[in-house]
1. Is it fair to say Leu6 is at pLDDT below 90, surrounded by fewer than 19 Cβ atoms within 10 Å (Cβ to Cβ) and not in a loop (DSSP other than H, G, I, E, B)?
2. Determine which member of the set Val280, Val256, Val271 is among the β-branched types (Val, Ile, Thr), touching a strand residue (DSSP E or B) at 6+ places or on another chain (Cβ under 7 Å) and in contact (Cβ under 8 Å) with a residue 24 or more places away in the chain.
3. Determine, yes or no, whether Thr104 is free of Cβ contacts under 8 Å to residues at least 60 places away in the same chain, surrounded by fewer than 20 Cβ atoms within 10 Å (Cβ to Cβ), assigned to a strand (DSSP E or B) and out of contact with any Leu (no Cβ under 9 Å at 6 or more places or on another chain).
4. Scan region 111-125 for residues that are outside any loop (DSSP other than H, G, I, E, B) and in contact with a Pro (Cβ under 8 Å, 6 or more places away or on another chain) and report the count.
5. Scan region 126-173 for residues that are among the polar types (S, T, N, Q) and part of a strand (DSSP E or B) and report the count.
6. Which of (1) touching a Ser or Thr at 6+ places or on another chain (Cβ under 6 Å); (2) not in a strand (DSSP E or B) is the odd one out, the single condition Thr93 does not satisfy?
7. Could you check how many residues of region 243-282 are under 18 Å from the mean Cα position of the chain (by Cα) and of a type in the set (Lys, Arg)?
8. Farther than 25 Å from Leu182 by Cα, surrounded by 14 or more Cβ atoms within 10 Å (Cβ to Cβ) and not hydroxyl-bearing (Ser, Thr, Tyr): is that true of Ile309 in this structure?
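The values are calculated or read from the model by the stated rules, or taken from the named source; none is laboratory data. Being a predicted model, the structure only gives us computed values, none of them experimental. Neighbour counts are summed over all protein chains in view; Cβ atoms, including those assigned to glycine, are modelled from backbone coordinates with ideal geometry.
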Amino acid sequence: MDRIFLKVRNIVWAIFMLSLTFQAQTQDMIFSQYYFSPVHLNPAIAGLTNYPSFTANYRLQWPSISSTYKTYALSYDQFFKQINSGIGFTALTDDQGDGTLTTTRMTGIYSYNLRFRSEWQVRFGLEVGYSQSRIDWDKLIFFDQINPASGPFDSAGIPNPSSETRPDNLKNGYLDVNFGMLLYNPSFFIGFSMDHINAPYNGFAQANNPQSLNLPVTFKINGGMQIVLQDDNKGEPMTFISPNILFAHQSGFNQVNIGAYMQAKQLFGGVWMRHTLSNVDAFIFSVGVDLNTLRIGYSFDLTSSDLGISTGGSHEIGISMRLKNLEKKESKYNDCFSLFR
């Protein structure tokens, strides 16, 4: 009975933590392979290529725990010389706790590029979208439902009663606005973005202070270098190293990813460390293949906290398709963004 209760308790704890999201602020998800989802990182990155670029991302976090986190994302972006602008679209679904809390978001992105010196450029990006969150109340288990001897269910398998009040509305839709900037030259780049600058309400139940349920602004700074070791016959980087760093802050939560990406002809890989400013959270390992028009990558987050490998780590698959054949004249890019292409 003790082993059964411990197992149930672990599952209940994971589900309970998810249940807090209808009353408390949450943190945004950031892909470990953010170079496979650059427009999700910063809207100013939209339009790095003159041809259509499509990406698909899948993230599975902590599969050894019954209530896992799953994220699916799609994006399109392209630069249009006629208007000196980039256009992009994204779609993302985040599933927490096997459907306990799901969030779906669709956005449109516009970016504008300015050249203010011979090799210096700056981009501004604006992203506007609509998000909808849904909560499955019947999957939630609260502390007052847990019997120390038998767990949250009675002998017939029926959940014990709870004093928690079911919200009138179990779904919430809201407008979401993000802004980004990107400064770069052929050697390095630095970007800054702010997500949820309109502070939308993303809760399900009214509180004494409704503003406490508004989605907090996420601040992100990312930067990197490009060290070219070998060019192809068109003068584009074929073998290069890209050391990079990402810092994110939201509502008291901090995250720093620091590491390097390397590509040698068709093969690429990278190693990063993710830190919370108080402890090392995980080490990230990535490998993949670049088939010119198709790029496929896989990454694994090795959890370094007390949770350890028992969580199953986190897994990501990224796929990008680049329709280069639709570009009338292949361009030679004078920047440091081979990492994202």
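1. yes
2. Sole residue among the options that is among the β-branched types (Val, Ile, Thr), touching a strand residue (DSSP E or B) at 6+ places or on another chain (Cβ under 7 Å) and in contact (Cβ under 8 Å) with a residue 24 or more places away in the chain: Val280.
3. Values: free of Cβ contacts under 8 Å to residues at least 60 places away in the same chain: yes; surrounded by fewer than 20 Cβ atoms within 10 Å (Cβ to Cβ): yes; assigned to a strand (DSSP E or B): yes; out of contact with any Leu (no Cβ under 9 Å at 6 or more places or on another chain): no.
Answer is no for this residue.
4. Residues meeting the conditions: 2.
5. Summing the residues that are among the polar types (S, T, N, Q) and part of a strand (DSSP E or B) in region 126-173 gives 5.
6. (2)
7. Qualifying residue count for the region: 1.
8. Details: farther than 25 Å from Leu182 by Cα: yes; surrounded by 14 or more Cβ atoms within 10 Å (Cβ to Cβ): no; not hydroxyl-bearing (Ser, Thr, Tyr): yes.
No.
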